[in-house]
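The values are calculated or read from the model by the stated rules, or taken from the named source; none is laboratory data. These figures come from a predicted structure and were not determined experimentally. Here the Cβ positions follow ideal geometry from the backbone for every residue, glycine too, while neighbour counts run over all protein chains shown.
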Ligand SMILES: [Zn+2]
């Protein structure tokens, strides 16, 4: 799943802006970008959420700027990590692990509260957030293992 770029270089995770229908600028979209040529591809686990998000925008009549990080939590966590301007894949991965673990632990605390209150809507919402965060992290880890080999 994680190949080197066709040019032979490593692809690192980044947040990019995508333009949709020439009108909507969606910032903070996680992609794997080559460090050498201009190739990039979406992080696979985000595709369903990105499609869902684009549908949720509905009819686009005028230009707009939106941030995927506002709706997709892993992108928000990643934005925090990448704002640290780390250079090495290993250092980015380490900080990702810490940031995602922190967020997941915070959600698990909330989950316990929601459980005690018996709030099924809240419980479901937290479960969805946890699922997205762990799916995203899994991909990150697979990628790192690939880089280390
Ligand atoms: Zn390349």
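With within 23 Å of residue 4 (Cα to Cα), within 16 Å of the ligand (Cβ to nearest atom), loosely packed, with under 14 Cβ neighbours inside 10 Å and modelled with pLDDT under 95 as the only criterion, which of 91, 41 stands out?
41
So is residue 79 surrounded by fewer than 16 Cβ atoms within 10 Å (Cβ to Cβ), in contact (Cβ under 8 Å) with a residue 40 or more places away in the chain and either over 20 Å from residue 134 (Cβ atoms) or touching a strand residue (DSSP E or B) at 6+ places or on another chain (Cβ under 8 Å) (or both) or not?
Considered against the rule, which asks whether it is surrounded by fewer than 16 Cβ atoms within 10 Å (Cβ to Cβ), in contact (Cβ under 8 Å) with a residue 40 or more places away in the chain and either over 20 Å from residue 134 (Cβ atoms) or touching a strand residue (DSSP E or B) at 6+ places or on another chain (Cβ under 8 Å) (or both), residue 79 comes out as no.
Where residues in region 126-145 are surrounded by 15 or more Cβ atoms within 10 Å (Cβ to Cβ) and over 14 Å from the mean Cα position of the chain (by Cα), which of them is modelled with the lowest pLDDT?
144
List the residue pairs whose Cβ atoms are under 8 Å apart, where the first residue sits in region 6-24 and is within 17 Å of residue 39 (Cβ to Cβ), the second is in a strand (DSSP E or B) and at pLDDT below 85, and the two are 6 or more positions apart or on different chains.
Here the result reads none, with nothing in region 6-24 linked to a residue that is in a strand (DSSP E or B) and at pLDDT below 85.
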